[in-house]
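Below is one structure, written out as structure tokens; the observations come after it.
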Amino acid sequence: MTSQNICILISIIAYLFLVLGIGIWFSKKNKTTDDFYLGGRKLGPFVTAMSAEASDMSSYLLMGVPGVALLTGVADASWTAIGLIIGTYLNWLFVAKKLRRYSSKCGATTIPAFFSNRFRDKSKMLSIIAAIVIIIFFVPYTASGFAACGKLFNSLFNVDYQLAMIVCAAIIILYTMLGGFLAASTTDFVQSIIMTIALIIVLVYGTVHAGGVSAVIDNVKSLPGYFSFTQTHVDGAAQPYGLFKICSMLAWGLGYFGMPHILLRFMAIEDTKKLTLSRRVASIWVVISLAVAVVIGLVGKGMIMNNALSLEDPERVLIGIAMLISNHGALAAIIAGIILAGILAATMSTADSQLLAASSSVSQNILKEKLMPNISEASTMILARFTLVIIAVIAVFFARDPNSSVFNIVSFAWAGFGAAFGPVMLFSLFWSRTTKWGALAGMISGGAMVFIWKYGIATLGGVLAIYELLPAFVIACIAIVVVSLLTKKPEQEIIDEFNSVRNTK
């Protein structure tokens, strides 16, 4: 191993020890399952904001967005980014405060429990179905994060993929199992800082080595359709980027309303009055980070055209630029290590939150509610940690194939949660006439339509080949309204609670 790689490895190992230390520190603060899964609802505004966005973006921010921009130009990456920005802001504006108050009012510590308690579902059918949806989409989603970690170490240091993947998974499991939600949220906050540093350094260095801002713009403008919002660059030619495609990319923003690992942050903040500050911090960070990620893709293209960078995979543009930085001495190699730790951080920040959301669904909403209702608090904590480890082991099994497609899995899981939970969450918070059966119909139809559209209707091509989240979201909304109106209206107790939350200032 070269001295350059040793310096990079030192930076990454230091980061891994940091997150482990955070997990050990917070392990002493978990006395109850409420502490383990929601941090006792004591998150501050900055940790709430940044941990939500770090757990949201994953490696898509540092690899996916720049890679898409580099490969096809401005349109695809930018319209997706705009959809994500709008979705982020609206989620914080309309959902965050209401969900915090409503979940506290009805005593819910997980998303499935919120649905069940909101509609007084004594059969627990809603929470069980919601828990199954979370398992279906989160286990492979978490596996994609483990796989990304393994691929990073394999490509950098030629370490065996499966060994690297298992070691990274073990570290994520350990600090999440020890520290629970507080550890995951705090590490996500730290990870968001590292991700920001990585983006800024790569942008500045890449722009300079591409010949400056004007050179980058001149280079990409010379490519047909590359520097346009209504065209895209494919196989050396400009291809039209129509309205249906734009709507399809904007639909990514709908996913936010149903993301369990993001919604849990809203439920955990200590003071709802601080959510305004959290919203502003989160929105500003998302706008800046996504804009920088898109520009890095354009800069990477400019570097390739100037023969300053060579890439086989466009998604490795940050890794390629980081390795160029590492050629400038030991200090530069350490900085490159921080950049690469940023990619690792982006992946880990999503995987830990997904593990918590999935394990809470199994331990709380299936095992405790249906199979072991009289279990003690101490035993519940053991069950929570045991469930987390089991789910993580299953995810490791799914991640064993180094050729698995990380971003296809992320895209599909995002659609699944957005369609299955997003409409139900919005109607639960904003329409008092929503019934248990309407919520159940929306959840099942939305989740099912993601599969039907992805593997059936979309294969017909044309205007039907749009992102499956959009049609599935619409179908779920229709199902909720129709079934709710056809079934008996909610009991007065449910309506009174709804009005109490709505009228709270």
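Being surrounded by fewer than 21 Cβ atoms within 10 Å (Cβ to Cβ) and touching a helix residue (DSSP H, G or I) at 6+ places or on another chain (Cβ under 7 Å) is the filter here; which residues of segment 280-290 pass it? Hits for segment 280-290 are Val281, Ser283, Trp285, Val287. Listed by first and then second residue, the pairs linking a residue in segment 384-401 that is polar (S, T, N, Q) to a residue that is surrounded by 17 or more Cβ atoms within 10 Å (Cβ to Cβ), with Cβ atoms under 6 Å apart and 6 or more places separating them unless they lie on different chains, are Thr387/Ser359; Thr387/Val362; Thr387/Ser363.
If you go through segment 223-251 and pick out every residue that is within 19 Å of Ile296 (Cβ to Cβ) and either crowded, with 16+ Cβ neighbours inside 10 Å or over 26 Å from the mean Cα position of the chain (by Cα) (or both), you end up with 7.
Mind listing whichever residues of segment 471-498 are assigned to a helix (DSSP H, G or I) and farther than 17 Å from Ala419 by Cα?
Here is the first cut: in segment 471-498, the residues assigned to a helix (DSSP H, G or I) are 471-486, 492-498.
Result: Ser484, Leu485, Leu486, Gln492, Glu493, Ile494, Ile495, Asp496, Glu497, Phe498.
Of all residues in segment 299-358, exactly one satisfies the criterion of being closer than 30 Å to Met177 by Cα and either of a type in the set (Asp, Glu) or outside any helix (DSSP H, G or I) (or both), namely Asp352.
What residue, among those in segment 209-266 that are in a helix (DSSP H, G or I) and of a type in the set (Val, Ile, Thr), is nearest to Phe417 (Cα to Cα)?
At the first step, the residues of segment 209-266 found to be in a helix (DSSP H, G or I) are 209, 213-221, 243-258, 260-266.
Then drop every residue that is not of a type in the set (Val, Ile, Thr), which leaves 213, 216-217, 220, 246, 262.
Details: Val213: 39, Val216: 38, Ile217: 38, Val220: 36, Ile246: 21, Ile262: 11 Å.
Ranking the candidates gives Ile262 first.
Look through segment 456-470, keep the residues that are of a type in the set (A, V, I, L, M) and assigned to a loop (DSSP other than H, G, I, E, B), and return whichever of them is farthest from Gly446 (Cα to Cα). In this case the residue turns out to be Ala465. Checked across segment 140-152, the condition of being without any contact (Cβ under 8 Å) to a residue 12 or more places away in the chain and either aliphatic (A, V, I, L, M) or farther than 18 Å from Ile338 by Cα (or both) holds for no residue. Among the numbered conditions (1) at pLDDT 90 or above; (2) of a type outside the set (Asp, Glu); (3) surrounded by fewer than 21 Cβ atoms within 10 Å (Cβ to Cβ), tell me where Phe498 comes up short. So the condition that Phe498 fails would be (3). Do we find that Gly416 is small (Gly, Ala, Ser), part of a helix (DSSP H, G or I) and within 21 Å of the chain's Cα centre (by Cα) in this structure? So Gly416 fits the description; yes. Any residue at all in segment 312-329 that's closer than 30 Å to Ile217 by Cβ and of a type in the set (S, T, N, Q)? Yes, segment 312-329 has at least one match.
Within segment 327-344, the set of residues being closer than 19 Å to Thr207 by Cβ, buried (at least 24 other Cβ atoms within 10 Å of the Cβ) and small (Gly, Ala, Ser) comprises Ala336, Gly342.
In the set Ala184, Ala81, only one residue is modelled with pLDDT under 90, among the hydrophobic types (A, V, I, L, M, F, W, C) and out of contact with any Lys or Arg (no Cβ under 8 Å at 6 or more places or on another chain); that residue is Ala184. Quick one: would you say Val295 is surrounded by 20 or more Cβ atoms within 10 Å (Cβ to Cβ) and within 17 Å of Met50 (Cα to Cα)? So Val295 fails the test.
Among the basic types (Lys, Arg), more than 19 Å from Ala413 (Cβ to Cβ) and modelled with pLDDT of 90 or more - does that describe any residue in segment 109-119? Yes, because at least one residue in segment 109-119 is among the basic types (Lys, Arg), more than 19 Å from Ala413 (Cβ to Cβ) and modelled with pLDDT of 90 or more.
Taken over segment 96-153, the criterion of being farther than 20 Å from Lys436 by Cα and of a type in the set (Ser, Thr, Tyr) is satisfied by Tyr141, Thr142, Ser144.
Candidates in segment 252-279 are the residues that are of a type in the set (A, V, I, L, M, F, W, C) and over 20 Å from Thr80 (Cβ atoms); of these, the one that is surrounded by the fewest Cβ atoms within 10 Å (Cβ to Cβ) is Leu277. I'd like the full set of residues that are hydroxyl-bearing (Ser, Thr, Tyr) and either assigned to a helix (DSSP H, G or I) or touching a Phe, Trp or Tyr at 6+ places or on another chain (Cβ under 6 Å) (or both), limited to segment 66-113. Listed by number, the residues that qualify are Thr72, Ser78, Thr80, Thr88, Tyr89, Tyr102, Ser103, Ser104, Thr109. Among the residues of segment 457-467, none qualifies, meaning not one is under 22 Å from the mean Cα position of the chain (by Cα) and within 21 Å of Leu263 (Cα to Cα).
The values are calculated or read from the model by the stated rules, or taken from the named source; none is laboratory data. Note that this is a predicted model, so its numbers are computed, not measured. Note: ideal-geometry Cβ built from the backbone for every residue, glycine included; neighbour counts use all protein chains shown.
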